[in-house]
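First up is the structure itself, then whatever we jot down about it.
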Amino acid sequence: MRTNQPQTIYLSEYKVPAYLVDQVDLRFELFEDGARVHSTLTVRRNPDSGESAAPLFLHGDSLQLESVALNGSPLRTGEFEDRGDALVVPSVPEKFELQVVTWIEPQNNTRLEGLYKSSGMFCTQCEAEGFRCITFYPDRPDVMARFRTRIEADKSAYPVLLSNGNPVDNGELENGRHFVTWEDPFPKPAYLFALVAGDLVEKKDTFTTCSGRNIDLRMYVEPRNAKKCDFAMDALKRSMRWDEDVYGREYDLDIFMIVAVDDFNMGAMENKGLNIFNSSCVLASQETATDAAFQRIEAIVAHEYFHNWSGNRVTCRDWFQLSLKEGFTVFRDSQFSADMGSPTVKRIEDATLLRTAQFAEDAGPMAHPVRPASYMEISNFYTLTIYEKGAEVVRMIHNLLGDEMFRKGSDLYFQRHDGQAVTTDDFVRAMEDASGRDLGQFRLWYEQAGTPVVSVSDEYDESSGIYRLTVRQSIPDTPGQTGKKPQHIPFALGLLGADGQPLPLKLSGESGEAPLERVLELSQAEHCFEFEGLSERPVPSLLRDFSAPVRVHYPWTREQLLFLMSHDPDGFNRWDAGQRLAVDVIQSLVGAPESAGVEPRLVDAYRSLLQDSELDQALMAKMLQLPSEAYLIELAEQADVAAIHQAREKVLGYLAEGLRDELMACYRRNVGQGDYQLTPEAIARRSLRNTALGWLLHIGDQEALALAKEQFRGADNMTDRLGALRALVNSDFAEDRTQALEAFYKRFSDDPQVVELWFSVQASSDRAGQLPQIRQLLDHPAFDWKNPNKVRSVVGAFAAQNLAAFHNPDGSGYEFLAEQVCRLDDSNPQIAARLVAPLTRWRKFAPGYSKQMKSALERIRDKAELSRDVYEVVHKSLA
Ligand code: ARG
Ligand code: ZN
């Protein structure tokens with residue numbers, strides 16, 4: 001597992017596999033002190049490889065080899081080489097069977113890669129390179145084989161035995177053991193292999209596909225979670241229907257299974273026919289899950305299900321192509337979520353994540369293209385760039401081609417590449433071939449890292465009625481990439497007249513009716529667009545609906561932003577104008593003297609917002625959220641966290657004081673709305689009342705305190721209970737905070753998902769989550785270093801969300817994080833490497849911070865025996 005100088009893998013060095021595997025037969029003997037894995041591979045030389053006498057090379061990791069046989073004859077010392085991380089057989093025939101027996105110790109597997117135990121059950125995580133922790137295998141996605149898997153285990157402890165595909169056999173064995181055999185008819189890469197063994201309850205449902213086939217749907221969960229499955233099951237059925245309706249994709253096996261496990265490094269995994277989920281991403285009930293959690297579950301269930309086509313039937317040739325399946329699948333799940341709820345709100349949420357976190361990644365030392373050219377540890381590349389920017393790239397193709405052509409393109413892609421392992425270039429080519437569009441320059445989105453900056457300036461000539469927009473793009477340098485070429489950017493815009501009416505966009509020389517909105521296609525470093533026939537100077541509404549993942553610079557005045565905030569017909573840009581205004585106001589107060597006043601027009605704007613009964617309430621709820629500290633830091637040149645925190649708090653306090661009565665009215669208007677529902681309207685109402693409550697408690701309002709305590713006690717759902725708790729925790733009512741936290745824990749102490757919420761509410765609060773309190777949380781009996789969710793809910797939440805405390809000028813927050821990263825590096829390097837992220841941005845901060853962040857990184861760098869995961873992140877950050 002540990003190398004002192006990890007190797008860099010390059011896309012340019014890709015070679016087709018020398019050997020292909022047609023069939024994999026696996027037999028697992030599961031015991032308490034380990035597992036024996038019998039593997040039989042049917043192998044043949046790859047006719048495309050050109051290397052005729054190549055040795056057979058199989059990956060391995062943490063395996064104890066018991067025996068190797070070729071065509072039934074045991075291999076002797078000298079006939080094979082066990083290198084620890086590989087098994088090499090120098091001389092093999094053209095076609096053969098290889099039998100390998102390995103012994104592994106799932107009960108001691110704390111990395112949660114390969115086969116491991118989680119609360120008493122066996123489960124697997126093989127993406128990206130976990131299968132090699134199970135047995136020796138050509139563990140690369142372009143080797144696709146049919147799998148047959150027999151699982152043997154004690155029947156009373158592990159009554160449920162699952163793997164991919166369909167169950168084909170089962171029976172009793174000696175000593176109270178039993179077995180089940182599964183067969184997956186679809187060739188797949190090893191990263192899609194899965195196995196589960198446990199004492200689980202089964203929830204059943206069915207789905208009839210568009211061609212009339214009946215599919216058995218199953219969820220397997222621990223008995224205590226039996227009541228938390230309904231929502232995910234329903235989301236699954238909606239996803240299956242949606243993928244048929246929108247993409248023409250029908251499910252292909254007779255059974256589809258979902259399993260929930262408590263210890264999981266990521267959100268979920270799309271193993272063929274047997275999706276495995278982090279409990280927190282699939283289990284939910286009204287009493288225990290927030291609205292945000294329900295929406296997350298819906299999106300992740302859909303995401304994993306959609307992978308069955310975009311990922312499994314058509315998979316990646318190599319891990320550089322990861323965004324082929326992840327970008328496309330995130331795009332698909334975001335379309336699905338938009339269809340299920342409020343499209344504008346979904347767009348706002350996606351853009352917020354992108355602008356806050358992906359832009360930061362793209363501007364930092366780990367910046368990489370959507371299709372990276374090299375990596376040390378592929379686990380480090382499951383990033384916002386691969387997922388979220390990758391999805392934006394697919395969205396741009398969708399918008400350039402239009403609905404119909406995009407569907408033709410995706411049909412062609414699935415048809416042309418079914419059963420293959422392909423590249424992002426194959427995807428783009430299918431889109432080109434189906435639509436006839438040239439996406440040559442567009443491909444740069446996959447190759448160039450960094451967030452393009454689009455700077456817009458304008459002039460209006462009253463005498464000719466011509467409005468001239470000059471649009472320049474540039475892409476900042478990123479590690480290893482300088483002097484970038486202009487990209488193909490779809491730039492949607494509209495123009496508004498003084499009365500708020502949209503104006504026609506007639507480009508000079510054009511005839512016919514001019515549209516009220518258009519998408520300009522930028523392809524050069526600079527363009528000048530002339531719009532004619534304008535009788536007044538328009539206010540531009542730029543990058544509507546966030547039509548490309550870029551930063552837009554335009555010198556909007558506060559007047560113009562106020563105007564767009566109430567008049568832009570594009571909901572996204574209405575929200576964005578409010579954000580830009582709030583950012584501008586907060587930024588002007590950063591580092592300003594105590595006496596500096598807050599822009600009064602901001603209060604007026606929020607007042608009209610709160611009183612606007614016409615406005616879509618879901619949009620209003622979003623518009624009421626102030627830009628986060630993380631976003632403000634991302635926008636800053638040399639971020640002074642304490643000053644940003646103070647400025648934001650000041651604005652928040654000023655707004656809450658100025659709007660006290662309106663907020664109270666908003667709260668009262670939005671309580672007591674009958675049964676709990678998950679419609680966009682109901683979600684918006686809960687969001688509005690909890691925002692109002694939070695703001696009012698922020699200024700210590702006594703009446704609001706009483707309302708919060710009442711809501712906390714009487715809530716019939718977690719959104720409201722947690723909303724009240726969060727408001728109390730972030731207030732100065734210290735006693736009420738303590739009481740509420742105690743009551744909450746007492747009530748939910750046996751529910752791990754809720755305990756995680758309880759941890760994170762504290763860890764992310766500057767009132768309840770200062771470092772000494774964080775250390776107490778780590779000593780809490782419910783905290784568990786082996787459970788990634790617990791680590792994320794305390795250490796992760798502290799470093800990523802409690803920015804004022806984490807960036808304590810004395811450096812204690814950084815030191816603390818370094819300490820926890822070093823501790824975790826020994827047990828779970830994937831999680832350790834993810835936790836380092838906040839420190840990697842050290843260059844972004846004012847000198848007092850950055851120096852100490854850097855030395856915390858150096859402390860991690862100097863730890864003995866650093867994992868490859870943490871090594872790569874730390875060394876690249878310090879380079
Ligand atoms: N393919 C999974 C998903 O996005 C994520 C698996 C990530 N695994 C990892 N070791 N990084 O649905
Ligand atoms: Zn995915």
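The values are calculated or read from the model by the stated rules, or taken from the named source; none is laboratory data. Note that the structure is predicted; figures quoted are calculated from it, not measured. Note that each Cβ is placed from the backbone with ideal geometry, even for glycine, and that neighbours are counted across all protein chains shown.
Results, tabulated for the structure shown:
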item	result
Residues (over 20 Å from GLU710 (Cα atoms) and assigned to a loop (DSSP other than H, G, I, E, B)) located in segment 656-689	LEU659, GLN677, LEU678, THR679
Identity of the residue in segment 762-774, outside any helix (DSSP H, G or I) and of a type in the set (S, T, N, Q), that ends up surrounded by the most Cβ atoms within 10 Å (Cβ to Cβ)	SER764
Residue within segment 156-179 that is among the hydroxyl-bearing types (Ser, Thr, Tyr) and at pLDDT below 95 present	no
Qualifying residue in segment 659-673 (condition: among the charged types (D, E, K, R), modelled with pLDDT of 95 or more and within 33 Å of the chain's Cα centre (by Cα))	no
Index of the failed condition, SER547 passing every other in (1) within 19 Å of THR356 (Cβ to Cβ); (2) outside the structural domain of GLU459 (by the TED database); (3) hydroxyl-bearing (Ser, Thr, Tyr)	(2)
Residue match in segment 428-439 (condition: at pLDDT 95 or above and touching a His at 6+ places or on another chain (Cβ under 7 Å))	no
Qualifying residue in segment 332-354 (condition: touching a strand residue (DSSP E or B) at 6+ places or on another chain (Cβ under 8 Å) and either away from ligand 2 (no atom under 16 Å from the Cβ) or in the same structural domain as LYS227 (by the TED database) (or both))	no
Hey, GLU872 of a type in the set (Asp, Glu) and within 16 Å of ligand 1 (Cβ to nearest atom) or not	yes
Selection count, segment 159-190, where residues are of a type in the set (A, V, I, L, M) and touching a Leu at 6+ places or on another chain (Cβ under 9 Å)	4
Matching residues in segment 466-519 - criterion: being within 28 Å of PRO549 (Cβ to Cβ) and hydroxyl-bearing (Ser, Thr, Tyr)	TYR467, THR470, SER474, THR478, THR482
Near pairs, Cβ below 8 angstrom, 6+ apart or cross-chain, from segment 253-276 (within 21 Å of THR110 (Cα to Cα)) to any residue that is at pLDDT below 95	VAL261/SER119; ASP262/SER119; ASP263/SER119
Elements of type helices (runs of 4 or more DSSP H) contained in segment 318-428, each with 3 or more residues being within 16 Å of ligand 1 (Cβ to nearest atom) and closer than 23 Å to PRO189 by Cα	322-340
Qualifying residue in segment 688-701 (condition: at positive phi and at pLDDT 95 or above)	yes
Total residues in segment 210-266, condition of a type in the set (Asp, Glu), within 26 Å of PRO752 (Cβ to Cβ) and surrounded by fewer than 18 Cβ atoms within 10 Å (Cβ to Cβ)	2
Subset of segment 293-307 that is touching a residue at least 40 places away in the same chain (Cβ under 8 Å) and more than 11 Å from ligand 2 (Cβ to nearest atom) - its residue that is farthest from ALA226 (Cα to Cα)	GLN295
Given (1) touching a residue at least 60 places away in the same chain (Cβ under 8 Å); (2) surrounded by 21 or more Cβ atoms within 10 Å (Cβ to Cβ), number of the condition SER827 does not satisfy	(2)
Wholly within segment 775-861, helices (runs of 4 or more DSSP H) carrying at least 3 residues that are outside the structural domain of THR478 (by the TED database) and under 27 Å from GLN753 (Cα atoms)	788-791, 797-801, 803-806, 812-827, 829-835
Any hit, segment 628-644, residues being closer than 30 Å to PRO838 by Cβ and in contact with a Pro (Cβ under 8 Å, 6 or more places away or on another chain)	yes
Unmet requirement for LYS228, which otherwise passes all of (1) within 24 Å of SER410 (Cβ to Cβ); (2) in contact with a Leu (Cβ under 9 Å, 6 or more places away or on another chain)	(1)
Residue tally, condition surrounded by 13 or more Cβ atoms within 10 Å (Cβ to Cβ) and closer than 18 Å to HIS178 by Cβ, over segment 5-36	8
Output for segment 452-479, where each listed residue is under 28 Å from the mean Cα position of the chain (by Cα), touching a residue at least 60 places away in the same chain (Cβ under 8 Å) and assigned to a loop (DSSP other than H, G, I, E, B)	PRO452, PRO476, PRO479
Counted residues, segment 429-441 - those being not hydrophobic (A, V, I, L, M, F, W, C) and not in a helix (DSSP H, G or I)	4
Elements of type strands (runs of 3 or more DSSP E) in segment 482-579, at least 1 residues being in contact (Cβ under 8 Å) with a residue 60 or more places away in the chain and over 18 Å from THR470 (Cα atoms)	none
Residue within segment 46-57 that is crowded, with 16+ Cβ neighbours inside 10 Å, of a type in the set (Ser, Thr, Tyr) and either in a loop (DSSP other than H, G, I, E, B) or assigned by the TED database to the domain that holds GLU174 (or both) present	no
Single match in SER163, SER118, SER91 (criterion: surrounded by fewer than 16 Cβ atoms within 10 Å (Cβ to Cβ) and among the small types (Gly, Ala, Ser))	SER91
Test: residue in segment 207-219 that is out of contact with any Phe, Trp or Tyr (no Cβ under 7 Å at 6 or more places or on another chain) and among the hydroxyl-bearing types (Ser, Thr, Tyr)	yes
Selection from segment 851-877 of residues that are touching a residue at least 60 places away in the same chain (Cβ under 8 Å) and under 28 Å from ASP640 (Cβ atoms)	VAL873, LYS876, SER877
Residue in segment 263-271 that is within 11 Å of ligand 2 (Cβ to nearest atom), of a type in the set (S, T, N, Q) and in the same structural domain as MET144 (by the TED database) present	no
Segment 310-320: number of residues that are touching an Asp or Glu at 6+ places or on another chain (Cβ under 7 Å) and more than 11 Å from ligand 2 (Cβ to nearest atom)	4
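Yes/no per residue for (1) surrounded by fewer than 16 Cβ atoms within 10 Å (Cβ to Cβ); (2) more than 30 Å from GLY811 (Cα to Cα); (3) in contact with a Leu (Cβ under 7 Å, 6 or more places away or on another chain):
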{"position": "LYS650", "(1), (2), (3)": "no, no, yes"}
{"position": "ALA665", "(1), (2), (3)": "yes, yes, no"}
{"position": "TYR676", "(1), (2), (3)": "no, yes, no"}
{"position": "GLU681", "(1), (2), (3)": "yes, yes, no"}
{"position": "LEU693", "(1), (2), (3)": "no, yes, yes"}
{"position": "ILE699", "(1), (2), (3)": "no, no, no"}
{"position": "GLU703", "(1), (2), (3)": "yes, yes, no"}
{"position": "LEU707", "(1), (2), (3)": "no, yes, yes"}
{"position": "ASP716", "(1), (2), (3)": "yes, yes, no"}
